[in-house]
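The values are calculated or read from the model by the stated rules, or taken from the named source; none is laboratory data. Keep in mind it's a predicted model, so treat the numbers as computed, not measured. Cβ atoms come from the backbone with ideal geometry, glycine included; neighbour counts cover every protein chain shown.
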Amino acid sequence: MKFALSSHVLMAHWVPGFLVVMAVRSVLLSTSPLGDSLMGRNNSGGAIAVLSIVVGAFLVGELLDAARDLILEHILDKFQPLKWSFFSSEDMNKIENFKTSYFTYYVFDWNISMALLVVAVLAILNSAPAWIYVVLAIPFVIFVFNAIRLRGEMKPLM
């Protein structure tokens, strides 16, 4: 596996992970010493706290992406199969073009949708006000519908 901090990794993996980590940070860690540091109330470990958030966001983003790969793609491929071998059989320019035009946005849409679901569950567990669910539901619906549309556009290109 080649590791590169590409725009695909930053946008499609790290941003959804960051959303979840920040939601968890504000909900679960606000009463612990680590939470005080992560919330910025304790200056002694500021650099470690920032690094923890960055690394944690990447790991959570990768977890969301793995869940998409293992669960969601498996289900969606039953209804609208994609030729995943495209990524190993086409030339690099065509693959890079495809990633920057479609695939990165497709992965981002699904990963951010799953992140929004995690944030909604945290909101439910913490009895958030009703307007929070509307704020979460609107982008969730937009991202899911866009991911479905992108999948349809990707199929003939693969």
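Of the residues in the stretch 54-64, how many are surrounded by fewer than 20 Cβ atoms within 10 Å (Cβ to Cβ) and under 14 Å from Val118 (Cα atoms)? Break it down stepwise before answering.
Taking the stretch 54-64 and keeping what is surrounded by fewer than 20 Cβ atoms within 10 Å (Cβ to Cβ), we get 54-56, 58-59, 62-63.
With the extra rule that they be under 14 Å from Val118 (Cα atoms), the set shrinks to 63.
Qualifying residue count for the region: 1.
Among (1) aromatic (Phe, Trp, Tyr); (2) within 21 Å of Arg68 (Cα to Cα); (3) loosely packed, with under 14 Cβ neighbours inside 10 Å, which single condition is Phe140 missing?
(3)
Could you check the stretch 27-81 and list, in sequence order, the residues that are of a type outside the set (Lys, Arg), at pLDDT below 75 and outside any helix (DSSP H, G or I)?
Matches in the stretch 27-81: Leu29, Ser30, Thr31, Ser32, Met39, Gly40, Asn42.
I'd like the residue in the stretch 119-158 that is of a type outside the set (A, V, I, L, M) and assigned to a loop (DSSP other than H, G, I, E, B) and, out of all such residues, is nearest to Gly17 (Cα to Cα).
Asn126
For the structure I just gave you, tell me whether Thr100 is modelled with pLDDT under 90, within 20 Å of Ala67 (Cα to Cα) and surrounded by 12 or more Cβ atoms within 10 Å (Cβ to Cβ).
Spelling it out, it is not the case that Thr100 is modelled with pLDDT under 90, within 20 Å of Ala67 (Cα to Cα) and surrounded by 12 or more Cβ atoms within 10 Å (Cβ to Cβ).
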